[in-house]
1. Let me spell out the model: positive unit charges on the Cβ of Lys and Arg, negative unit charges on the Cβ of Asp and Glu, origin at the Cα centre of the chain. What dipole size does that give, in debye rounded to 20?
2. Just to confirm my numbers, what's the Cα centroid distance between segment 98-117 and segment 233-310 in Å?
3. Students often check this: by mean Cβ neighbours within 10 Å, which of 259-268, 134-143 ranks highest, and how do the rest follow?
4. Among LEU97, SER49, VAL66, flag the residue with its Cα farthest along the positive direction of the charge dipole of segment 39-109, charges on Cβ as +1 for Lys/Arg and -1 for Asp/Glu.
5. Label THR205 and TYR144 with points 7 Å out from Cα along Cα→Cβ: what is the distance between them in nm?
6. Using the alpha-carbon centroid of each, what span in Å lies between segment 1-72 and segment 122-187?
7. Taking H placed 1.01 Å from N in the peptide plane, check which residues at least 5 places from LEU38 or on another chain put their amide H under 5 Å from its amide H.
8. Modelling each spin label as a point 7 Å along the Cα-to-Cβ direction, I'd like the ARG125/LEU105 distance in nm, to one decimal.
Amino acid sequence: MPITYSIIAPIFNEYENIPELYRRVSEVMNSTGEPWELILVDDGSTDGSTERIRALAAQDERVRPVIFARNFGHQIAVTAGLDYSRGQAVVIIDADLQDPPETILELIKKWREGYEVVYAVRAEREGETWFKLLTASMFYRLIYRITDVKIPLDTGDFRLIDRKVVDVMNSMREKHRFLRGMSSWIGFKQIGVEYKRAARHAGVTKYPFRKMLKLALNAITGFSYFPLQVATYFGFISAGLAILAIPIVAVLRLAGSHFFEGQTTTLISVLFLGGVQLISLGILGEYVGRIYDEVKGRPLYVVREAPKDV
Ligand code: UDP
Ligand code: MG
């Protein structure tokens with residue numbers, strides 16, 4: 001029987017959340033009366049999550065495990081889920097139950113109305129630190145301003161994607177992935193549904209500041225040349241300042257002023273320009289490194305175990 005819904009949950013050390021995730025997802029999905037599958041992608045867990053996933057799969061054939069050889073990161077885990085999904089509609093959900101499975105029914109309703117991407121918008125967030133809220137809010141607004149695709153604000157990866165869009169996404173094999181951006185870039189009919197993001201069911205966040213920063217860099221470099229252009233602007237601004245400053249200083253010196261004498265002024269301008277140049281070089285390096293990763297052509301992930309029937 002063809003599958004209507006694929007639910008994808010990436011799992012990195014979510015031992016305590018797996019049974020509750022399975023219980024709530026099956027309850028909600030059974031209420032649709034249509035065939036579904038739950039793809040649990042184990043992203044290199046070390047806390048026994050892997051065994052729990054295997055045990056669930058042994059007991060319910062609708063649970064399909066994809067087990068990675070190591071931790072490849074959240075975005076890559078979801079990508080693997082998309083690769084192995086067979087449903088007509090695919091739902092990406094966090095395994096920590098911050099995205100309530102009950103909201104899936106609202107996403108499905110919009111999909112039935114003909115929308116091809118239904119993303120869930122975080123109207124409220126529970127149980128997050130002020131630091132997370134602030135950095136997340138800044139992140140969404142920055143990405144919105146400087147990237148070329150209009151990625152909806154306050155939207156995570158929790159969304160329903162139609163098979164047509166999934167097929168296009170699966171053909172985009174870029175290494176540094178920002179899935180929300182990719183799904184916006186593709187187009188089709190998209191709509192948001194508001195929901196209240198809950199607190200984690202158990203455990204702690206697997207997204208430390210370092211990983212959030214990496215995701216933000218991938219989002220920016222993946223969808224914009226803005227940082228490269230900043231270097232050009234800085235170049236023009238400092239060259240412009242120099243052109244203005246040279247005649248002014250010359251005139252002042254001829255008039256007998258000693259204002260611009262001494263090492264301090266020289267040192268400041270050398271340090272300033274040196275700093276700007278190194279930052280520009282670093283930005284260039286971010287892009288060059290990404291080109292290098294693409295050229296190497298390595299697979300996005302390595303699986304230890306995966307379902308045979310794709
Ligand atoms: N996750 C993953 N690999 C990682 C980090 C996170 O598969 O390297 C999963 C994690 O298990 C969870 C989801 O991605 O299901 C979202 O992570 P988390 O809840 O820690 O992020 P937050 O909600 O705090 O932003
Ligand atoms: Mg979470």
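1. 660 debye
2. If you average the Cα positions of each part, the centres end up 45 Å apart.
3. Descending mean neighbour count gives 134-143, 259-268.
4. Toward the positive end, the furthest listed residue is VAL66.
5. Going by the 7 Å Cα→Cβ label model, 2.0 nm.
6. The distance from the Cα centre of segment 1-72 to that of segment 122-187 comes to 23 Å.
7. Hits under the 5 Å cutoff: ILE7, VAL63, ARG64.
8. 2.7 nm
Read-outs: derived from the displayed coordinates by stated rules, not from any lab. Owing to the predicted nature of the structure, the values given are computational and were not obtained by experimental measurement. All Cβ positions, glycine included, derive from the backbone under ideal geometry; neighbour counts span all protein chains shown.
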